[in-house]
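Heads up: the structure comes next, in structure tokens.
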């Protein structure tokens, strides 16, 4: 092959690759990208809820829509292993508000405003066809953690904690827990900014570099 | 240019396009598909993913977007309580496709097409500041259940089961499990149409009349 022909061939082959790139680039561009929950879950048609407070500063119990948020992990502390009773009975389903989860997935930071719900569930059975272990029973408690520097400027890390009870019926509203109660434990033991990511594989796996 | 050279050029250019197609096809395949969760907000605006199959009928491993579906419950079968090893190690995070969950919440029926993912997670710790128990470690396995009367007319209840493995790296594709393997156990022990709703409080609580 002559040098000229070789050059043409290379140019044409390059153009071929470029065409392929263009065609599939257009296809990719036409596909909505799921980089955020808005994309991953489709455009939101209404804003997701944020914490609601009464005039005297109590947090109002959130509606159950948190069960559609991102479930990042499920610790289990059986009462029988924490006699006379576990501090939090017993399964802890931990949900992060999707907008805050998206921000964490993008940046590795729990942003100001982060809204986390912990729902407590009893152990309902200890053996099933899949083996011996622990199987969820019924809902029994609900707690919330919020990072909010404006509303809680004096809380360490700006994290505030609320409990709507560990037995049904749950309270309709809850006052902030003393810092010495929940906050200090999170501050001392949580891996990433008051959040126990060491037990939340869904959060770790989504975060840049596998999270902290 | 000689005929030979022209032929070579065309072949090379074609290969170039083909390469471009391959590269961007791979990118497209690696991109989680967009979906629309009713999330906390209600209306869906784009279709959620459905199971994908190869030409020879294998199910392709779903992308991780199922972690944004509805998490209905989290059974736990520790290896240590099922020596030498649990059939499913160890936490089982069970996700239902949001469209199918919505239908179940409205009607109490697991509709044709229902798509359920079970992600398996190791126990990472057995004590933490919240007490003794079980805390999630790392992802270790992935399984899928699908109810599809058209694709699986001969499976009992039309339910088909797939396993992408219990150790990483997971398989990219999986053949249907024999009916005698998964299906028979679900048929005999699951509370509501091959689904273990007795261990899924999020599903029960959403269903009309508290589910079955």
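What the Kirkwood sum gives for the range B:160-212 is a hydrodynamic radius of 12.8 Å, with every pair of different alpha carbons counted. Panel order for B:143, B:90, by other beta carbons found within 10 Å of each beta carbon, from fewest to most: B:143, B:90. Both numbers refer to the Cα atoms of the range A:80-147; Rg and Dmax are 15.6, 44 Å.
Here each label is just a point 7 Å from Cα along the line to Cβ, and for residue A:80 and residue B:187 those points are 3.3 nm apart.
Averaged over the residues of B:116-127, the number of partner chain Cβ atoms lying within 10 Å of the residue Cβ comes to 2. The calculated pair-distance distribution of the range A:70-212 uses every alpha carbon pair, bins of 5 angstrom beginning at 0, and gives 2, 10, 17, 22, 20, 15, 9, 4, 1, 0, 0 percent. Exposure proxy shown here: for A:136, B:59, the number of other Cβ atoms within 10 Å sets the order, fewest to most, as B:59, A:136. Look at where the Cα atoms of the range A:182-212 and of the range B:55-134 average out, and the two centres are 21 Å apart. The order of B:121, A:123, going from fewest to most other C-beta atoms within 10 Å of their C-beta, is A:123, B:121. What the Cα atoms of the range A:138-185 give is an Rg and a Dmax of 11.6, 36 Å. Radius of gyration over Kirkwood radius for the range B:71-116, both on Cα atoms: the Rg/Rh ratio is 1.18.
No lab work stands behind these numbers, since they all come straight from the coordinates. None of these values were measured; they are calculated from a predicted model. Positions of Cβ are generated from backbone atoms using ideal geometry, with glycine treated the same way; all protein chains shown enter the neighbour counts.
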